[in-house]
1. Just checking, does the stretch B:207-219 include any residue being surrounded by 23 or more Cβ atoms within 10 Å (Cβ to Cβ), under 30 Å from A:GLY473 (Cβ atoms) and among the acidic types (Asp, Glu)?
2. Of the residues that sit in the stretch B:99-118 and are in contact with a helix residue (DSSP H, G or I) (Cβ under 6 Å, 6 or more places away or on another chain) and within 14 Å of another protein chain (Cβ to nearest Cβ), which one is modelled with the lowest pLDDT?
3. Go through the stretch B:160-218 and count every residue that is under 13 Å from the mean Cα position of the chain (by Cα), away from chain A (no Cβ under 12 Å) and either among the β-branched types (Val, Ile, Thr) or under 20 Å from B:ARG106 (Cβ atoms) (or both).
4. Which count do you get for residues in the stretch A:455-468 that are more than 10 Å from chain B (Cβ to nearest Cβ) and buried (at least 24 other Cβ atoms within 10 Å of the Cβ)?
5. Please note which strands (runs of 3 or more DSSP E) are completely contained in the stretch A:148-218 and include at least 1 residues that are at pLDDT 95 or above and under 29 Å from A:THR284 (Cα atoms).
6. Among what's in the stretch B:46-68 and is surrounded by fewer than 24 Cβ atoms within 10 Å (Cβ to Cβ) and outside any loop (DSSP other than H, G, I, E, B), pick the residue that is nearest to the other protein chains (Cβ to nearest Cβ).
7. On the given criteria, is B:ARG20 among the charged types (D, E, K, R), within 14 Å of chain A (Cβ to nearest Cβ), touching a strand residue (DSSP E or B) at 6+ places or on another chain (Cβ under 8 Å) and more than 27 Å from B:GLN230 (Cβ to Cβ)?
8. Taking the stretch A:709-740 only, how many residues are crowded, with 18+ Cβ neighbours inside 10 Å, farther than 23 Å from A:VAL508 by Cβ and among the hydrophobic types (A, V, I, L, M, F, W, C)?
Amino acid sequence: MIVAEPPVATPADAPPLHRALGLTDGELDAIRERLGRDPNDLELAMFSVMWSEHCSYKSSRPLLRTLPTHGEGVVAGPGENAGVVSIGDGLAVAFKIESHNHPSAVEPYQGAATGVGGILRDIFTMGARPIAVLDALRFGDPGDARTRHLVDGVVRGVGGYGNCVGVPTVGGELVFDPSYADNPLVNVMAIGLLEERHLTRAAAPGPGNLAVLFGSATGRDGIGGASVLASATFGDDDPSKRPSVQVGDPFAEKLLIEASLELIEAGLLEGLQDLGAAGITCATSETADRAGTGMYVNLDAIPRREPGMEPFEVMISESQERMLAIVRPERYDEVAAVCAKWNLPCASIGWVTDDGHITVVAAVPGADGQPSDTVEMLARIPAAALTSDAIVHDRLATPPERRRLAPAPGAPEAASDQLPERGMDPGAVLQALLGSPNLASRRAVFEQYDSTVQAATAAGATSGGAAVIRVTGTSKALVAATDGNAGVSAADPWLGAAMSVAEATRNVAITGARPLGVTNCLNYGDPTKPDAFWQLSEAVRGLGDACIALGLPVTGGNVSLFNESARGRIAPTPQIGVVGLLDDVAKALGPAFREAGDTILLIGEAGPGLEGSEYARIAGVAPEDGPPGLDLAVERQLQAFVREAADRGLLDSAQDISGGGFAVALAEAAMWAGLGAHVRVPVSSSPAVDLFGESPSRLIVSAPARHVPAVELLARQHGLPVEAIGSVGGDRLIVELAGAGATGAAEERGSRVADSIDVAITDLERAWRHGLPRALGWTELEQEGAR
Amino acid sequence: MTRIGVVVFPGSNCDRDTLRGLELAGAEAVPLWHEQGSLDGCAAVVLPGGFAYGDYLRAGVIARFSPVMRAVSAFAAEGGLVLGICNGFQVIAEAGLVPGALLRNRGLRFLGRDVRISAERLDTPFTSLVGSARALRMPIAHGEGCYFADEVTLDQLERDGQVLFRYVHADGTQAGAESDAANPNGSLRAIAGVLNARGNVAGLMPHPERAADALLGSDDGLPILRSLVQAAARAEREPVLAGVR
């Protein structure tokens, strides 16, 4: 008699496994096609993480292929863990920016901390010692309790990790906009320095070489981080995603840095890859695919943090602080000795093969429950199917209905760019802008980071300008900046991305440095929605156009999609990172005025368009107003001009006009020097545009009087408008409006106020210092700023 | 050239900066690995900043049990010159080589910023070349730098000249005891650095090795490192007279 097995109780509506893992039916078919059979459950889990948006770039890859990647000195570009550019003297710089947005929304401290840890590993995997971190953070309304919780956790996480590993945090951005309320952005950029001969590739050459895992043991944290967290829109079940967030151990990372660099410098490694998203699956398949080899992985040899882990958990765990090294068998003992010196567990988990496949095996449990001598094959997948031959989607892009930034809470209902004309005091507007959360001093946040460890920081996060980091032992310095213009991107994603490239490169160029390359972190919405995908595709086009116009290669980057929640999508955010080289650190220019009596010159011309500006955020904009325009040819000339002027020693300072416009840029240059300034500016269209508009490609520079003719000549030679507008000195900021655009309103009211700004520097500084701690409710820090 | 050792714990992150700072100050600077039981004949030892062993439990509390610390303690007991900077100060305080303890900063947040300190004594191996009691500018970068000792100990330290550095304002006037921004971590009596009773062991929270190059903003830390190098050179030449080694 045959007894029927009782049916397994499965709920009728339980989704099939591939859908539960985030794969579509079409993707399952594509997997079957590549394998020539059905995948088993472990294989499906491996595919699900590798074919996640986060790992596969399946939506963005066709776009990213259009970017310019070649340039002078580029020795490693996109596809490697980080871009590497030669800086002469046998040295090179490695740099990259990456997002950790979704983990930070779920668990801000660990999300931010592991964001720092992950990007640092990308840097030292290349053989570079990490020398600087910049972090670009974006949150919702700073008055909101949840935002405050996120800010506090993220800032502590960045500091907790970066401070401990001993890499200075030298700059970044901090931006508040309601669109980031549910979906904050944590983009971290890291920079490393290496001797070119130590450049190490994340490849697994040489069949027979050992695959050696060293660093922390593998645990259950971060299971499916890439697929569950990073590649899906937030729903209501966020707490359930907490096990998908990794947990960081900066002390282990510090040991990992030292051990990895020691192994590389001793020439013991054939290849090195860090373990990030998709863990062992990603590291083995990517290194094998890059070298055109395969890998045999013995699951039982992988050190675990806990017993009873399922094979799929071991293969896709995102436990932090682990590295995969490719080692010749005869060098294994030396590698193990270096790991032992740094007290890091190390295990040979398999070897490189010539069959192009990732093969995962484990011992079959014997009758006694112990592993037997018989091994069983658990998975066998072509390495390329997981990486270079992963699925690519051709997404639909459709321009959306025009979208506007929501005005700040309490902003006037009626849009207007007419503030000064209405008789409002532009000095009061300036103070309001300086004290607003997006423009006020970042000191309260940046001081929670160690910006001076490694003793090479010539200008750090609180300097106001780009970070300047000395290349110890040479006269050179690396200059770094990161900028992202979401305000303009919301109106025009092409323009926003191009303006972000222009601003980040300009910030590097105004120190006198030559930008070397561009890294980017593209934070956008759900790519399956045509309007969101349009934003991404326009941004990539803008990024490419700007880089080509400025003659710069894109050396790497990261795409973060699905930045949406039930309440909407984030403002599209192209976060651009730029590193430049300054040949003589002693010539570095800063944004602050230097000498009383210096002449102040305005380079470039204000153009109309207030949409996306900080002024618009507090005042609103007229419905017919748009974002300002950008002429990339002018931008290129402007940067060439300022580099030459700096190199010839003509200038005492150079400040870029960006957030808050001319008036804010001028106030900063004065405030940071503890000096006043008196200028008279021609008004071209409206006082609001000239004082607070954010049209790009403009600078405020200062120079000793004897250099002014040379500066003017040089600017004209570059085809740039230039005007001496006043001088540095005193203890007040005085801006007189002149020309056809001036209002005359002051005369009518019998007051001079509306036609000029006349404020004590100390008043401006007070507004600027208090703004951020006040907005965030950090009362203790606010009080301290008052002293 | 005078040889000065810089202890490297797992988690030290200012060891390379300190080695370079000491070289700028004229020493032959060598790393001393935490597992070694001897000081390789160094004429002085510096414990650098960082997060020794991760500092997860409490700053410095594990490092004090390392093999190298047994050698450092013995060296100090014989009169050898020892300087602890930041985490190094926390380690020697935990090891009982200098009085007092370092508590969490007043604001309970990590703080990295330039501060000003002034040397209370100019006749020590750590300050002989500072020249005057002017305000020295250098960075701090710590989460646990609030100097604490009981009132009796504080009085005794003041009486016996064991207060080495205090936080001051830019004009050199002493910072307030607890709630003054110039005293960033709330250290009692604005103490930034102390000496042991014998005067051969010192600890301070600010980082002189990060203020050794005017191009980076300040070289006010260099005289402190130079003082140590000079005193170590003297100890090397005249071990008996100097009472060290």
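The values are calculated or read from the model by the stated rules, or taken from the named source; none is laboratory data. What you see is a predicted model, and the numbers here were worked out from it, not measured in a lab. For neighbour counting, all protein chains shown are included, and Cβ atoms are generated from backbone atoms with ideal geometry for every residue, glycine included.
1. The initial filter retains those residues of the stretch B:207-219 that are surrounded by 23 or more Cβ atoms within 10 Å (Cβ to Cβ), namely B:207-212.
This time we only want the ones that are under 30 Å from A:GLY473 (Cβ atoms), so: B:207-212.
Pick out the ones that are also among the acidic types (Asp, Glu) and you get B:209.
Within the stretch B:207-219, one or more residues are surrounded by 23 or more Cβ atoms within 10 Å (Cβ to Cβ), under 30 Å from A:GLY473 (Cβ atoms) and among the acidic types (Asp, Glu).
2. Checking each candidate, the answer is B:GLY107.
3. Summing the residues that are under 13 Å from the mean Cα position of the chain (by Cα), away from chain A (no Cβ under 12 Å) and either among the β-branched types (Val, Ile, Thr) or under 20 Å from B:ARG106 (Cβ atoms) (or both) in the stretch B:160-218 gives 11.
4. Qualifying residue count, the stretch A:455-468: 3.
5. So the answer is A:185-195, A:210-215.
6. Per the criteria, the residue is B:GLY54.
7. When the stated conditions are applied, B:ARG20 does not pass them.
8. The total comes to 5.
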